[in-house]
Each structure stands twice: as C-alpha cells, then as structure tokens.
1. Say whether the condition of being within 16 Å of the ligand (Cβ to nearest atom), at pLDDT below 90, part of a loop (DSSP other than H, G, I, E, B) and out of contact with any Leu (no Cβ under 8 Å at 6 or more places or on another chain) is met by at least one residue in region 116-123.
2. Can you confirm whether E333 is part of a helix (DSSP H, G or I) and not aliphatic (A, V, I, L, M)?
3. H261 versus (1) within 16 Å of the ligand (Cβ to nearest atom); (2) open to solvent by less than 90 Å² (accessible area, probe 1.4 Å); (3) modelled with pLDDT of 85 or more; (4) more than 30 Å from L205 (Cα to Cα): which is the lone unmet condition?
4. Could you count how many residues in region 245-257 are within 11 Å of the ligand (Cβ to nearest atom) and in contact (Cβ under 8 Å) with a residue 60 or more places away in the chain?
5. Restricting to region 1-15, give me the number of residues that are part of a helix (DSSP H, G or I) and either acidic (D, E) or exposed (fewer than 15 other Cβ atoms within 10 Å of the Cβ) (or both).
6. Identify all residues within region 73-90 that are in a helix (DSSP H, G or I), exposed (fewer than 13 other Cβ atoms within 10 Å of the Cβ) and at pLDDT 95 or above; write none if there are none.
7. Among residues belonging to region 128-167 that are in a helix (DSSP H, G or I) and among the small types (G, A, S), point out the one that is farthest from the ligand (Cβ to nearest atom).
8. Among the numbered conditions (1) open to solvent by 50 Å² or more (accessible area, probe 1.4 Å); (2) closer than 30 Å to V144 by Cβ; (3) at pLDDT 90 or above, tell me where E320 comes up short.
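The values are calculated or read from the model by the stated rules, or taken from the named source; none is laboratory data. Just so we're clear, the structure is a prediction, and the values are computed from it rather than from any experiment. Positions of Cβ are backbone-derived with ideal geometry, glycine not excepted, and every protein chain shown enters the neighbour counts. Remember, those area values only see protein heavy atoms, side chains included, never the ligands or the DNA or RNA. Shrake-Rupley method; radii C 1.70, N 1.55, O 1.52, S 1.80 Å.
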Amino acid sequence: MKAIFSLLLVLALVVIATVGAGAAKMQTIFAYCIPGTAFILFMVGFVCKIVSWAKRPVPFRIPTTGGQQQTLSWIAQNKWDNPSTGPQTFVRMVLEVLTFRSLFRNTKLVLRHDDGKNPIVAYVSAKWLWLFAILFHYGFLIVVIRHMRLFMQPVPMPIAFLDQADGILQILAPTIYISDVLLLSGATLLLLRRFFDAKVRYISLVNDYFPLFLILGVILSGMYMRYIAKVDIMAIKEVILGLLTLNYTVPANIDTSFFVHLFLVSTLLVYIPFSKLMHMGGVFLSPTRNMPNDTRINHYVNPWNNPAVKPHSYESYEDEFRGPMFEAGLPLEKNPEEAA
Ligand code: HEM
C-alpha cells in the first residue's frame, strides 16, 4: 500500500506537469517560477538543517568503532575503524564518504544447521546493498556533473571530457551514457530490494518509497527526453540561460517531457531538506563517525554536570558502604581489615 501510494504521488506530479505545461500552456511557470522557488527552498532548507545540527551539543565522544582501539604499543591498532587522532578520523571519513566502507561491512542474520542438524544463528557478509548503493550514488554524481554542460557556455573542458568518456560505448544515437545505465539499475535494484526482502519491506515507509519513485521518475523522464523524444537541447539551453540572464521567454518547440523532468527535479529539491535524503549533508556531522575514539587518552568532563552534585567514585562508595557490603558477602576491592 505504501509503495502504491508513493507511486501514485509521483504519477500525480507527472500529470500536473504534463497538463500544466502542455495543455494549459503554463510553460513560464513550469520553466522558471517553480524551479526557481524550489531552488531557493532547497538552499535555505539545507543550510538551516545543517546549522541546526551543527549547533547540537555533543559533550561525549561517541564514535562507532569496528576494530582494535589504540592500546599497548605491541598490539596493532585498526586506525581506520577505530581512529584515535584527528588525521586518522579524517581518513576514516573520506573512506566512508567515497567508498561507503561501513556498508561494505554489512552483515545479515541467517539460520544455519550444524552436522547434527542443530540450528545455529550466524552473521554472514551481505555486499549487495553496498553494490547497489555504489552504482546508484556514483551514477547520480556523474549525471549531475554532466548536466553542468546545460548551464555553461562554453562547456568547460573537464565536463566535456566526462561527457565523452561516459558515452564512449557509442551504442545507439544519441549514444547511451554508461552513468544512465548505472543510475537506473542502481535505483531499480534499491527499489526491488524493498519489495522482495521481507524484513526491509516490513520497515519501509512512504518516506522510503517516495524518494525512490521520485528519483526513478527524474531518471526515466530524463532518459525519455534524450533517447526517445530527442529534445532540442539548444532550445532548452535558451531556457536555462534565460534564468541566469533574467530573460524569461520559453521557445515554442520544447517537448513537454522537459517540464515533467524539471517539475520532478523541483519536487526532489524541496523534499531533500525535510527527508532522509539529508544524509548527504548529515554524514559529515555524524558524531558516531566524525570523532576520534580517545576517551582513554583524554578525560572528558560532561559540561552539563551540576556542580552541586559531587562525584561519587567507586572507591569512596566502597569506603562508605564497606561494612554492610562485607556483611552481605558482596565482593570488595578492600576488605574491612585492609581498609582499617
Ligand atoms: C537531481 C537532478 C537531476 C537528475 C538526477 C537528472 C537526471 C537525468 C538523466 C538520467 C537524464 C538522461 C540523460 C543524461 O544522463 O544526460 C537527464 C537528461 C536531461 N536532463 Fe536531467 N536530471 C537532473 C536535473 C536536471 C535539471 C535541473 C535540468 C535543467 C534545468 C535537466 C535537464 C535535462 C535535459 C535537458 C536532459 C536531456 C539531455 C540530453 O538530451 O542529452 N535535468 N537528466
């Protein structure tokens, strides 16, 4: 139901843009007003969210660790999974952001049977999610960078080069971009995982399906424009440059699919600051990732400690209650004779 509802929402957006920019001829609204407003809302929403997260106090070191911490000199430290200094943490962050290292370590719980047919609960490696995520995110990144050619005249060399390299297979005309295939397969596989993995389906919400369908809508409308409708890129560039030069005229020969694409992108932009898609900014502010694990090297005092409440160490606790504890037979660090 949640998936169907999300799909219907995205289809409704497609219908709104098709009718609005097509039959109702509101091209200027769909080419300029909506994308412009969406971009402003995205920027303001994104910055507000990041500032509000950055202001949250984090009084303790709470990194999630996945390896040996720094200890005695003859025990090797796992510096990337359990960093103890700023530079080590920086490397950990870079690897996390660029290679999704923590996802690579993903495991799943399975029930196996030993030789005597006794059930054993085991954790096994599960790399599929990592693979789908890498395909999707790198595909997305390349497509977005490549889109810069639509916003720049002349097109900068690195972007023209990326465009050429991405179409190097020279299949079909216009040539199929490798990144389009990666992005479409990544997004589809992530969606299928939600449909077919019962555990993931059980916890999936509209907030999970909607962005996937929306992004698939953006991808499919973009691919439709390029490979099927073969839209007039020069006319579209005129629209985009009109936005930058404040000359809001829309050439007549632009296919409606462009307005659908742009409307879905605008919805995505407005949706990002209020959704889980904010992980693109949030990952940098995650205290479980961006802090070194040095609590055994430095002593951190909780700044919220009430000075009126005096600390009570275990030593003084035992001093206070040694007699009754001894009588109750509780283990003690010093028995009454030693303490006397
Ligand atoms: C989240 C942002 C966006 C995504 C993920 C996206 C995705 C795509 C994809 C997958 C394609 C298929 C062909 C290709 O890869 O170039 C495409 C084509 C296209 N997109 Fe986007 N798009 C985005 C934003 C935009 C924006 C903001 C505009 C214009 C203002 C735009 C205009 C176009 C045009 C004109 C094409 C056709 C390109 C061609 O025929 O070569 N897209 N888009």
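1. no
2. Working: part of a helix (DSSP H, G or I): no; not aliphatic (A, V, I, L, M): yes.
In short, no.
3. Only one criterion in (1) within 16 Å of the ligand (Cβ to nearest atom); (2) open to solvent by less than 90 Å² (accessible area, probe 1.4 Å); (3) modelled with pLDDT of 85 or more; (4) more than 30 Å from L205 (Cα to Cα) is unmet by H261, namely (4).
4. Residues flagged as within 11 Å of the ligand (Cβ to nearest atom) and in contact (Cβ under 8 Å) with a residue 60 or more places away in the chain within region 245-257 amount to 1.
5. The number of residues fulfilling the criteria is 6.
6. The answer is P87, and nothing else.
7. So, considering only residues that are in a helix (DSSP H, G or I) and among the small types (G, A, S), the one farthest from the ligand (Cβ to nearest atom) is A133.
8. Unmet condition: (2).
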